[in-house]
Ligand code: CMC
């Protein structure tokens with residue numbers, strides 16, 4: 001029976017007063033907040049700029065492949081040759097979509113954005129995964145390897161289906177990235193395509209991990225409830241889609257296509273800034289003095305322009321880069337020159353953010369595993385900005 005004074009109220013009345021002087025600090029957008037620990041990557045203000053598990057990104061971009069980097073992030077160390085071969089074999093073995101996912105890809109209306117297909121597709125992959133409900137370290141690793149293989153195939157299959165291109169299967173003689181390029185462009189083997197595959201591979205290495213960015217944090221918040229890995233990945237895909245985050249690379253390409261020729265670039269940017277628009281591909285929440293990854297991909301894009309005998313996009317990019325520095329003191333982020341490289345490869349721009357997903361999948365999964373291996377629920381506080389306490393008004397006295 002209710003006594004008129006509830007258990008909660010009674011408890012509150014007998015509790016010592018709460019110390020109100022210790023108000024938590026408030027940082028809008030969690031800017032500058034250390035929200036957890038991670039052994040995965042270090043955003044380094046020094047020469048390296050960024051390290052994955054201690055290795056400088058410059059070394060990884062120069063000497064590694066995306067498959068090696070994905071292994072490094074998931075398993076904690078660079079693979080020995082035999083381990084890499086086994087990992088590649090596992091990826092190839094999972095280059096297949098479960099029946100329900102293939103059916104879903106087949107019924108999606110052709111105009112749907114590939115990121116929306118991926119968001120729903122990631123969730124559907126969870127429903128069909130044999131380890132779905134198992135959050136153990138080993139099961140999470142198995143699910144991660146499957147996702148690394150299935151997601152690129154979902155992107156290429158849905159793209160080919162929507163554009164009435166003939167069905168192609170991944171080839172056993174091609175690497176992970178060569179297959180990705182082949183299934184998106186129908187190209188492999190010639191000199192330009194080999195150069196493109198290497199540049200695409202470098203972009204995947206650079207996109208693979210970046211600490212507590214928005215999508216990774218979304219994945220970790222989700223994983224911290226000890227839900228399943230696919231739920232965390234679904235949240236991450238939805239978060240990456242936004243133009244302030246992963247969607248920026250598609251938006252950069254849209255800008256280049258609107259500008260069209262180098263002689264129009266300077267005026268275009270100045271007009272955009274005068275209209276208080278954000279110029280996509282510039283600025284970063286953490287990297288205020290420039291993004292080391294951008295310098296790497298800029299070199300790659302410049303070389304590829306030469307190989308493809310198509311200097312237009314790179315020239316437009318360098319003009320925008322100069323004007324943004326002059327006018328706003330802002331530096332390009334990774335998305336800016338990556339869009340130049342992807343334009344040169346002839347990849348449709350709606351697939352740029354999905355390519356980011358293919359790569360960041362390694363980082364997201366490694367973070368989910370790290371979170372669940374040492375879990376503490378992520379559940380912060382909010383500063384209240386609503387009305388002050390007020391008396392309840394019965395319904396017939398409300399105006
Ligand atoms: N174009 C024009 N002005 C900009 C831009 C930009 N791209 N970025 C920042 N600013 C200005 C902003 O208007 C503000 O000016 P003011 O102080 O006069 O109001 C100042 O720079 C500081 O900006 P901020 O919004 O406080 O900075 P932030 O740390 O919150 O934003 C950002 C970071 C990435 C959201 C922002 O730089 C931006 O919107 N960039 C364009 C979108 C983009 O390229 N996103 C990819 C980010 S990097 C890869 C990834 O995470 O996916």
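What follows draws every value from the coordinates through simple rules; no lab data is involved. Everything numeric in this text was worked out from a predicted model, so none of it was measured. A quick note on method: Cβ atoms are made from the backbone with ideal geometry, for glycine too, and the neighbour counts reach across all protein chains shown.
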Would you mention how many residues in the range 267-322 are in a helix (DSSP H, G or I), touching a residue at least 40 places away in the same chain (Cβ under 8 Å) and within 11 Å of the ligand (Cβ to nearest atom)? 5
The range 57-84, subset outside any helix (DSSP H, G or I) and touching a residue at least 60 places away in the same chain (Cβ under 8 Å), residue surrounded by the most Cβ atoms within 10 Å (Cβ to Cβ): 64
Scan of the range 217-245 for residues that are under 11 Å from residue 123 (Cα atoms) and free of Cβ contacts under 8 Å to residues at least 24 places away in the same chain, ordered by number: 235
Against the conditions (1) away from the ligand (no atom under 15 Å from the Cβ); (2) crowded, with 23+ Cβ neighbours inside 10 Å, where does residue 231 fall short? Just the number, please. (2)
Whichever residue in the range 166-183 is touching a helix residue (DSSP H, G or I) at 6+ places or on another chain (Cβ under 8 Å) and not in a helix (DSSP H, G or I) and, among such residues, is nearest to residue 95 (Cα to Cα): 170
Hey, among 161, 87, which residue is crowded, with 18+ Cβ neighbours inside 10 Å and either closer than 30 Å to residue 63 by Cα or touching a residue at least 40 places away in the same chain (Cβ under 8 Å) (or both)? 87
